[in-house]
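To keep things clear, I will list the structure first and then write my remarks on it.
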Amino acid sequence: MYEVLIKEYLKRLSLKDINDFAEKNNMPLKKNEDKVIYDFIMNNWKEVYKGDAIKALNKLKQKVSSTTYNNIMALYNEFKDKIK
């Protein structure tokens, strides 16, 4: 059931959503990082959801700044802990 909800949400996800979320969480993005994150989400959401999330997120390490990557990992850990 959750997979269906995620797929439906991703159909509507936009770069604006990525930027708004980053801004709301005090995570300034460098130029084009929103697109990198968007592409990552679209291509790797299932691995993050059902597989090895850390391994999947490591794919971002070379594609975004170290600050952005560290912010992503901090947010991942924060939200992961809220779900459990």
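The values are calculated or read from the model by the stated rules, or taken from the named source; none is laboratory data. These numbers come from a predicted model, not from an experiment. Every residue, glycine among them, receives a Cβ derived from its backbone with ideal geometry; neighbour counts consider all protein chains shown. With ligands, DNA and RNA removed, areas are computed over all heavy atoms of the protein, side chains included. Shrake-Rupley method; radii C 1.70, N 1.55, O 1.52, S 1.80 Å.
Go through the residues of the stretch 5-12 one by one and say whether even a single one is in contact with a helix residue (DSSP H, G or I) (Cβ under 8 Å, 6 or more places away or on another chain) and without any contact (Cβ under 8 Å) to a residue 40 or more places away in the chain.
For the stretch 5-12, residues in contact with a helix residue (DSSP H, G or I) (Cβ under 8 Å, 6 or more places away or on another chain) and without any contact (Cβ under 8 Å) to a residue 40 or more places away in the chain: present.
Do you know which residues across the stretch 13-45 are among the charged types (D, E, K, R) and in contact with a helix residue (DSSP H, G or I) (Cβ under 8 Å, 6 or more places away or on another chain)?
Passing the criteria: K30, E33, D34, K35.
Under 7 Å by Cβ, and 6 or more places apart or on different chains, what pairs join a residue from the stretch 24-52 that is at pLDDT 95 or above with one that is open to solvent by 100 Å² or more (accessible area, probe 1.4 Å) and outside any helix (DSSP H, G or I)?
Listed by first residue and then by second, the contacts come to V36/K63.
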